[in-house]
Amino acid sequence: MSRWAWFARRLAVVLALIGTALVGWLWWSSVLPGSYSAMQMGKPDYGGGPGADDAIMSHGAHTAQAAEAAAPGVQPVDVTELVADPGRTADVRVELVARTEQVTPPGGEPFEGFTLNGQTPGPTIRATQGQLVEVVLRNDDVTAGTTLHWHGIDVPNAMDGVAGVTQDAVPAGRSFTYRFVAEQAGTFWYHAHQASHPQVVGGLFGAIVLEPAPEADAAGSAPSESAVQGAADAVAVVHTYPGGQRTLNGVVGDAHHEAAPGAAVRVRLVNTDSTPTSAWVTGAAFRILAVDGHDLSGPTPVSGKTVDLTAGGRVDLEVSVPASGAARVEVPGASLVVGPDGARADRAPAPRQAVDLLAYGSPADTGLDPTRADRRFRYDIGRAPGFLDGRPGYWWTINGGILPAVPMFMVDEGDTVVMTVSNSSGEVHPMHLHGHHLLVLSRDGERSSGSPWWVDSLNVEHGETYEVAFLADNPGIWMDHCHNLPHAAEGLMTHVAYSGVTTPFRLGRDTGNDPE
């Protein structure tokens, strides 16, 4: 063997050992502790605002130390203190009992799933702006534990329902009481946020409708689109159960909402699936009254177009029943017939063009000035090979890092925040920030020119970049994640954290808390 051959063989052995050691180190460093705080995840990103030069919070810092370091001189606040008026009597009280049982959707096939009060979807909860809502969740026999998250409702942080961040999962045989004031009006939904993917798919979800306060329309101003007197109201919850069973309000195939000819019906569409869908109306024109619980300004009639409905998102459509027959509100695989009992409603394929909410409706004051932002963040979604909690794979990344090496977006109460969300991952991601609504400023550099477009669930396609803004007015530690729930479990999840807020709750395999 020549000297060069001997050297090349030795070099190959050395490089192999180095490679093996590197892979071993990457594996070891990715393994999460059996118990850890959400505040130990990643590196704080202050968005150019206060805190960046005052403190450095390293991965592994204790929760209390991290909160104190984030804002020197600020007295830490425990998330459990962030509640609605504890001495106030509830105006609306609901009890929901979660059970594991076999479910057979009308028109469908049986599966092993979950129910709330013996049904799925769970009961639709209704309240009026200003009322205090109290919901008692009783876990009968869901062995993994469960919680309820109030999707799109900006509840106090202690009521957010995220296992391991704002509460512990409710074990079988125990209960938890959620209390919040209905500050908003609109269409929302609730769902499990413990082992959320299997529990939501299996049936632990339902709709919640918050009506506008009557006195808001008695002050001399015109009634809002959500408060047109005499308008009928139909909740239409879209869900795909195990076995690919597409349903609307839990029914496989057609559902029906009875309405007289000429009636204007507000159809509240809720997408509870992990993938985006679209909706269209056959037999009548429609208007888009609201998106994600926010009324649109100056909605105009639409024909021959679809409306995008991202995972977790809601749209309220005004549909006028034709003089003869009925209208059909369609989503792929299911539909809602709106009209007199027995009236015929035609079907039609989905139109090829979608309404662009960036330009739909009329401009209006938002009360937010993004040009004077206190903090600016990047949220770049990608994908890379590596290890996630010791598992090798091709994982989602945030700003180039695999969970837990993701940014923790740090804010102070009162901040105006601008965030640029970009997606180069190869797949669509429905992004959901808890506890806040985002104002869409632009998409791929094109400024919003229609109605203010507020979302809590933002559909970001591959190759798209959105600029959004929000007001940090709800202190807490808030999950900011993809609502394709398997994506969140695969690392597409981080938090927006307020300076000085701490949590006593723990995540990890030893805690029983698994929010995704």
- Query: Could you say whether any residue in segment 381-403 is charged (D, E, K, R) and farther than 22 Å from HIS481 by Cα?
  - Reply: no
- Message: Go through (1) more than 20 Å from the chain's Cα centre (by Cα); (2) open to solvent by less than 30 Å² (accessible area, probe 1.4 Å); (3) at negative phi for GLY386 and report which single condition fails.
- Response: (3)
- Those strands (runs of 3 or more DSSP E) completely within segment 411-502 that have 3 or more residues that are farther than 22 Å from LYS43 by Cα and aliphatic (A, V, I, L, M) are 438-443
- Among the residues of segment 410-453, which ones are open to solvent by 20 Å² or more (accessible area, probe 1.4 Å), of a type in the set (D, E, K, R) and either touching a Leu at 6+ places or on another chain (Cβ under 8 Å) or within 17 Å of GLY367 (Cβ to Cβ) (or both)? GLU413, ARG443, GLU446, ARG447
- Test SER324 against the stated conditions and say whether it is assigned to a loop (DSSP other than H, G, I, E, B), of a type in the set (S, T, N, Q) and more than 20 Å from ARG443 (Cβ to Cβ). yes
- Query: For segment 318-326, does any single residue satisfy the condition of being of a type outside the set (S, T, N, Q), touching a helix residue (DSSP H, G or I) at 6+ places or on another chain (Cβ under 9 Å) and closer than 21 Å to LEU458 by Cα?
  - Reply: no
- Across segment 454-469, the tally of residues that are β-branched (Val, Ile, Thr) and open to solvent by 40 Å² or more (accessible area, probe 1.4 Å) stands at 1
- Message: ALA354 - would you say it is hydrophobic (A, V, I, L, M, F, W, C), in contact (Cβ under 8 Å) with a residue 40 or more places away in the chain and surrounded by fewer than 21 Cβ atoms within 10 Å (Cβ to Cβ)?
- Response: yes
- Item | segment 78-89 - residue that is in contact (Cβ under 8 Å) with a residue 40 or more places away in the chain and surrounded by fewer than 18 Cβ atoms within 10 Å (Cβ to Cβ) and, of those, farthest from LEU248 (Cα to Cα) | ASP78
- Message: What are the pairs with Cβ atoms under 7 angstrom where one residue, in segment 284-309, is without any contact (Cβ under 8 Å) to a residue 24 or more places away in the chain and the other, located anywhere, is assigned to a strand (DSSP E or B) and open to solvent by 30 Å² or more (accessible area, probe 1.4 Å)? Sequence gap at least six, or different chains.
- Response: PRO301/ARG287
- Criterion: among the aliphatic types (A, V, I, L, M), under 23 Å from PHE111 (Cα atoms) and open to solvent by 10 Å² or more (accessible area, probe 1.4 Å) - qualifying residue of ALA195, ALA207, ALA169: ALA195
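A quick yes/no check of all residues on (1) more than 18 Å from LEU438 (Cβ to Cβ); (2) surrounded by fewer than 23 Cβ atoms within 10 Å (Cβ to Cβ):
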residue	(1), (2)
LEU471	no, yes
GLY476	no, no
PRO486	yes, yes
HIS495	no, no
PHE505	yes, yes
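The values are calculated or read from the model by the stated rules, or taken from the named source; none is laboratory data. Model, not experiment: these values are computed from the prediction. Because the Cβ atoms are built from the backbone with ideal geometry, glycine has one as well, and the counts that use them run over all protein chains shown. All accessible areas refer to the heavy atoms of the entire protein, side chains included, with ligands and DNA or RNA removed. Shrake-Rupley method; radii C 1.70, N 1.55, O 1.52, S 1.80 Å.
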